[in-house]
Each structure stands twice: as structure tokens, then as C-alpha cells.
Amino acid sequence: MSNPIETRCIHGNSDFSYQDVNKAVSFPIYQTATFGHIGVGQSTGYDYTRVQNPTRERLEETVSALEGACDTVAFSTGMAAVSACFELFGAGDHIICSEDLYGGATRLLQTIGQKNGLVVDFVDTTDIAQILARITPHTKALYIETPSNPMMNVTDLHACAKIAKENALLLIVDNTFLSPYLQNPIELGADIVIHSGTKFLSGHNDTLSGFLSCASQELAERVRMIAKTTGGILAPFDCWLMLRGIKTLSVRMERQQENALQVAHWLATHPKISKVYYAGLPEHPGYETNLRQARGAGSMISFRTDSVETARRVLEKVKMITFAESLGGTESLITYPVLQTHNDVPEEMRERLGITETLLRLSVGLEHVDDIIADLAQALEE
Ligand SMILES: *Cc1c(COP(=O)(O)O)cnc(C)c1O
């Protein structure tokens, strides 16, 4: 890659060349459903916005530049991207997934995936032996989140890429939690990278989007055909909002990560907090692996309170921090995974993973870190 990521966030891989005839500094919003034909059998390259649109193309090129992907397709939400990804597979195909996944992905696989005949095994992918033990002649893909949601478990992507190559599997990595600023799975051997662009890429808690970034042209063509056929693509105005958000990705990630480390250290010493899950703390079991494959641990922290009462009190007493789903934006958000993001995950599975009534998940935002800590401190007081 020729230019550093800070520059790519703003200019993509376009070698700084203008693509707009009027040299608009902010890429225009092509708010049009369709495009006129210049002659029979002739096209400007744009025919219909479900298939191509200049604003979406600009966004897709930017995300490809950030992920080192061959091509990227932008979807209306992260789940639209995840769903489109699983359309690559058919009845009888076996997929090995991290057991600690975004709740919506687990729900998708256990309902629609099951209806479509996908055979899915949820395993602890931090233990490579468990992945190897589940591979069968029908296995087609490994589906990984690292750090995972909400337990922040770290899976070794180099090791997964090796297994995927040796067994002709697709390695699919949901990179939402670290964003392309901190981790690039394609460079480590992944075939497809998924983003819920709603989170760090947008960064402002105001736009939903999803992305599938592909390592090869062949995969990208299959994904484009699925997007064109199923239609869950991203609208032009939302593409523009995403372009705008991505411009500041590097500075946001740096500051949010800096804040998160301080908050994690503070939580770790608080008498009412029994455990902190943050891959940036040296005592985290995935600390070394994360250091090898990522440029940081990001700004997502989960923590366990001493009692259910404390957990509920924090959620009800936070003032500046909002008790809400989602993550990755300028505003700090606190989530109750057991009742929110992971409510549809079977209880037995939640218990095994540690997603219980004492677990809280915090997305550390861009407010002054002293204010974030002060808010948590007052909310923890009885
Ligand atoms: C939020 C999220 C999704 C789903 O994205 P939406 O934009 O909410 O549809 C998928 N994966 C991860 C890791 C997420 O955090």
C-alpha cells in the first residue's frame, strides 16, 4: 500500500485525483435511482442505483483501501452484510464459528441459516485445536470475531488463515470491533472481512451500514451478484455520511483507545468490579496474540460487577454515558448484553460464555476521560 492509513481515510486509494468534474472537495451525493442511457447498448457505467452509484462506489473504494481488499460491497446494515455473506453457502455446507459472536449473527445462523440447511458449529476459536477437531469434508468456512463480542476473546488469525488454506476453507472475519485502523485481516490471510459500518466507521452513532471486503476478484463478483440480486445495498445519502465519518477514523480510534485504556485501568481497581475484559491489559489472556495481529486493542471494554444489583444500578444511574445498544461512536454507550445484544442467544450458551446478569459492555467515546470515569464512579456508588 502506497499511502498511510490516515491519508487513505480521507482520500481512499485514488492517488489524490479528483473524480468530480466540478472538483467538489466533498464527494457529491448522487441521489438518483436510475441513470439515462447514452445509446442502445451503451452505458455511462451507471444504470441503476441498486447495482452501481458513484457515491457508493467512492465509499466502497475507500473501505477497500483501508482493508487492503480487492473490492468491497456496501450494505444497508451490518446484518445485511452478514446475511449476504452466508448466501455464499448452501444446504449441507458446514461452517465453524466463534461461539462468542455478535448476537444478531448467532440468531441469523440459528434461524434463517438453519432453514437454509447450513450446518453450523459454534466453538471456542481461541483454542485452535477445537477448530481442527470440527473440520469435516463438508466444512466450507471459518467465521471469526476477534476481539469477540462481548467477552473480548482473541482468536489467532495467522493460525486460522493457515488452517483455512490447508483445508480450502474461506476465512471470514468480522472486524467491526477494531476497525481497519487497528486490524487488517486480509493482510493476515482472511478471504472476507465484515464490518458493521454503523460502529467505528460511521463513528457518530447516526448511520447504519455494513460492508463485505473481499480478498479476490472472484469472491467479490459472487458477493456483488448476491447484493444486486437480494438488494440490501446502502443508499447514496448514507454512503456520503459514511465517507464523512471515515475521514476522522484515525483520530477517533486513537483517542477512544487512549480513553479506554485509562477507563480499563480505573475499573480494574474498583472494589465493586470483579473482572475487566479488555485486550489492552497485559493480564488479558489474548493480549500477546492481539499485539501480534493488531495495532491496538480498541475502545470496547466489558466488565463484571460484584452483584446483579450493582450492574442494574450502573445502567440506571449513568448520566453522560447513555444506556443503549451499539458502539464505536463519539458518545460513550453502556450495554447490558444479557438483555440487549445477546438476548436471543440460548441461555445455556450465554451461561457458558459468561454473558450473565453481572456483565456490562462499555463503548468508550470521545468525551474527556475524566468525565467518563466520574460518571462511572457516581453510578457505582450505592
Ligand atoms: C453491530 C454489529 C453487527 C451488526 O451490524 P448492524 O449494523 O447493527 O446491522 C455485526 N457484527 C458486530 C460485531 C456488530 O457489533
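Can you pull out the trypsin sites (Lys or Arg not before Pro) in the range 287-331 whose DSSP state is coil and whose Cβ has at most 15 other Cβ atoms within 10 Å? Walk me through the numbers before you get to the answer.
Working: sites: Arg292, Arg295, Arg304, Arg312, Arg313, Lys317, Lys319; in loops: Arg295, Lys319.
Of the trypsin sites (Lys or Arg not before Pro), the ones in loops of the range 287-331 whose Cβ has at most 15 other Cβ atoms within 10 Å are Arg295, Lys319.
Using square roots of five times the C-alpha gyration tensor eigenvalues, list the equivalent-ellipsoid semi-axes of the range 225-271 in whole Å, biggest first.
37, 15, 8
Hey, can you grab everything whose amide H is under 5 Å from the amide H of Val120? Only 5+ residues off in sequence or another chain; H modelled, so Pro and N-termini drop out.
Answer set, sorted by chain and number: Ile95.
Residue-wise, which Karplus ³J(HN,Hα) couplings in Hz belong to the range 319-325, taking 6.51 cos²θ - 1.76 cosθ + 1.60, θ = phi - 60°, and x for glycine or proline?
Values, residue by residue: 10, 6, 6, 8, 7, 7, 6 Hz.
Which percent, nearest 5, of DSSP beta bridges in the range 16-246 are antiparallel?
45 percent
D for the range 67-140, whole µm²/s, Stokes-Einstein with Kirkwood Rh over alpha-carbon pairs at 20 °C and 1.002 mPa s: what number?
For the chosen part, D equals 160 µm²/s.
Is the shape of the range 278-321 best called rounded, prolate or oblate, per the rule: a/c under 1.5 gives rounded, else a/b larger than b/c gives prolate, else oblate, with a ≥ b ≥ c the square roots of the Cα gyration tensor eigenvalues?
Since a/c reaches 1.5 but b/c is at least a/b, the shape of the range 278-321 is classed as oblate.
Using the count of nearby Cβ atoms within 10 Å as a rough guide to exposure, how do Glu67, Glu187 rank from fewest to most?
In order of increasing Cβ crowding within 10 Å: Glu187, Glu67.
Compute the Cα gyration tensor for the range 191-232, then decide on rounded, prolate or oblate, letting a ≥ b ≥ c be the square roots of its eigenvalues: rounded whenever a/c is under 1.5, prolate when a/b is larger than b/c in the other cases, and oblate in all that remain. Before the final figure, lay out the partial values.
Values: a/c = 4.65, a/b = 1.73, b/c = 2.69.
Oblate, because a/c is 1.5 or more while a/b does not exceed b/c.
Over its Cα atoms, what ratio of radius of gyration to 2.2 N^0.38 Å does the range 160-294 give?
It is 1.24.
For q = 0.14, 0.16, 0.19, 0.20 Å⁻¹, what log10 I(q)/I(0) does the range 249-380 give under the Debye formula with an equal point scatterer on each alpha carbon and no solvent?
Evaluating at q = 0.14, 0.16, 0.19, 0.20 Å⁻¹ gives log10 I(q)/I(0) of -0.60, -0.79, -1.12, -1.23.
Ordered by residue, what ³J(HN,Hα) values in Hz, to whole numbers, does the range 357-364 give under the Karplus form 6.51 cos²θ - 1.76 cosθ + 1.60, where θ = phi - 60° and Gly and Pro are x?
Karplus values, whole Hz, x for Gly and Pro: 6, 9, 9, 10, 10, 10, 9, 7.
Under the rule of -39500 (n - 2.57) per DSSP H run of 4 or more residues, summed and divided by the residues of the chain, what mean residue ellipticity at 222 nm is obtained, to the nearest 500 deg cm²/dmol?
-10500 deg cm²/dmol
Work out the length of the dipole vector of the chain about its Cα centre, built from +1 on the beta-carbon of each Lys and Arg and -1 on the beta-carbon of each Asp and Glu, and round it to the nearest 20 debye. Spell out each step's value before the answer.
Working: 31 positive and 46 negative charges, 116 e Å.
Dipole of the chain, to the nearest 20 debye: 560 debye.
Are any of the pairs Lys247/Lys317; Lys275/Lys319; Lys162/Lys275; Lys165/Lys275; Lys140/Lys199; Lys115/Lys228 more than 30 Å apart by Cα-Cα distance, and if so, which?
Lys247/Lys317; Lys162/Lys275; Lys165/Lys275
If you take the Cα atoms of the range 219-311, find Rg, then find the Kirkwood Rh from the mean of 1/r over all pairs, what is Rg/Rh?
Answer for the range 219-311: 1.16.
To the nearest µm²/s, what D does Stokes-Einstein give for the chain at 20 °C and 1.002 mPa s, using the Kirkwood radius over alpha carbon pairs as Rh?
100 µm²/s
I'd like the distance between the alpha-carbon centres of the range 268-333 and the range 206-267, rounded to an integer number of Å.
Answer, in whole Å: 22.
Starting with the fewest neighbours, write out Tyr48, Tyr181, Tyr336 ranked by other beta-carbon atoms found within 10 Å of each beta-carbon.
Numbers: Tyr48 12, Tyr181 25, Tyr336 20.
Starting with the residue having the fewest Cβ neighbours, the order is Tyr48, Tyr336, Tyr181.
Would you calculate the separation in nanometres between label points at Phe323 and Lys115, each defined as 7 Å from the Cα along the Cα-to-beta-carbon direction?
The answer from the label model is 3.4 nm.
Bear in mind these aren't lab numbers, they're just calculated from the coordinates by the rules spelled out. Since the model is a prediction, treat every value here as computed from it, not as a measurement. Glycine also receives a Cβ, built like all others from the backbone with ideal geometry; neighbour counts cover every protein chain displayed.
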